[in-house]
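First up is the structure itself, then whatever we jot down about it.
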Amino acid sequence: MARRNRNKILVPEARQGLDELKAKVAGTTDPERAKFEIAEEVGVPLKEGYNGKLTSEQAGKVGGRLGGSMVKELVKMAQENLRNNQ
């Protein structure tokens with residue numbers, strides 16, 4: 001069963017770019033595999049399908065690492081863009 005993406009983004013046209021960024025920070029080419037790559041890095045037993053036995057701490061390690069890396073990369077891109085425009 002495929003998981004439906006319920007995230008609402010402000011600019012729907014940016015979805016593809018965000019997916020590419022997610023894959024980039026996770027070190028993969030497939031954004032759907034990104035969370036599994038991060039889970040493996042931090043030692044969380046994430047698997048396809050139901051993961052209800054994960055603790056909040058384990059889930060947070062995966063989501064926080066992925067989201068935090070995306071934010072860092074976006075900040076770096078914005079700083080580079082500002083530097084290039086001056």
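None of the figures in this text is laboratory data; all of them are computed from the coordinates on show. Computed from a predicted structure; not experimentally measured. A quick note on method: Cβ atoms are made from the backbone with ideal geometry, for glycine too, and the neighbour counts reach across all protein chains shown.
Within segment 8-26, residues that are under 17 Å from Ala39 (Cα atoms) reach partners that are in a helix (DSSP H, G or I) and of a type in the set (Val, Ile, Thr) with beta carbons closer than 9 Å, at six or more positions or on different chains, in the pairs Val25/Ile38; Ala26/Ile38.
Consider segment 65-86 and keep the residues that are of a type in the set (Lys, Arg) and surrounded by 10 or more Cβ atoms within 10 Å (Cβ to Cβ). The one that is farthest from Thr28 (Cα to Cα) is Lys76.
Examine segment 55-64 for a residue that is surrounded by 14 or more Cβ atoms within 10 Å (Cβ to Cβ), of a type in the set (S, T, N, Q) and not in a helix (DSSP H, G or I), and state whether such a residue exists. No, because not a single residue in segment 55-64 is surrounded by 14 or more Cβ atoms within 10 Å (Cβ to Cβ), of a type in the set (S, T, N, Q) and not in a helix (DSSP H, G or I). Quick one: is Gly68 free of Cβ contacts under 8 Å to residues at least 40 places away in the same chain and either polar (S, T, N, Q) or over 22 Å from Arg15 (Cα atoms) (or both)? No, not satisfied.
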